[in-house]
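Have a look at the structure below, then the notes.
None of the figures in this text is laboratory data; all of them are computed from the coordinates on show. Because the structure is a prediction, the values reported are computed rather than measured. Neighbour counts are summed over all protein chains in view; Cβ atoms, including those assigned to glycine, are modelled from backbone coordinates with ideal geometry.
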Amino acid sequence: MPGGCDYKNDPTDVRGLSAEKGNGFMIQMISVFDLKDTESLEDFTRIYTRFIADLKSAQLIESAGPIGVRVSDTPMDTDAARGQQFATLITFKDRTQMDASYAYISQRRAPGTANHIDMNARIANGMFTCWAGLWPE
C-alpha cells in the first residue's frame, strides 16, 4: 500500500490484532500476587507445580515459567502502582487453547481445578493479564 502500512497483511503489526481474536498468536498470562500472611512459598510452589503439570498433561497450556520473586530495588522496576511480590507466566499456543484452559477450570474438574482453587485460596492482591504475542504461530 503506497504511502502507508497494509497492516491487515502484516502479522507483526499490532493494529491488525484484535483483542477479541488473538488466534494465530501465542498468548501469555501474567499473574502477579502476594501470598496471604499465613501461607508459605514452599507450600504454594508445590501446589503451583501440580497445577501446571495437570494443565500440561491435558494440553491446556504450552508452557509455564517458575514463580518469580519481585526485584523492586532496581530502576528497571518502574511499577509504583502495584506492590505484589510474586509473579507467574503461563504461555498458551493460541486463543483457542487459552479459552479451553479457562473452560476446564470453570467447569471445576479435578485434579486441575482442585489445585487452582487451592492456589487461589492462598493468594492476596491477585491481578491477571493476558497478552497476545506479535509473532505468528
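Residue-wise HN-Hα couplings along segment 55-62, as the Karplus relation 6.51 cos²θ - 1.76 cosθ + 1.60 with θ = phi - 60° gives them from phi, are 5, 5, 5, 8, 6, 9, 9, 7 Hz; Gly and Pro carry x. Residues whose amide H comes within less than 5 Å of that of G126, counting only those at least five positions distant or on another chain, are D34 (H built at 1.01 Å from N in the peptide plane). With neighbours defined as other Cβ atoms within 10 Å of a residue's Cβ, the residues V71, V32 order from fewest to most as V71, V32.
Neighbour counts of C-beta atoms inside 10 Å place S31, S63 in the sequence S63, S31, starting with the fewest. Ranking of L55, L41 by neighbouring Cβ atoms within 10 Å, starting from the fewest: L41, L55. Site pair M76 and T113 shows an inter-label distance of 4.0 nm when each label is modelled 7 Å from Cα along Cα→Cβ.
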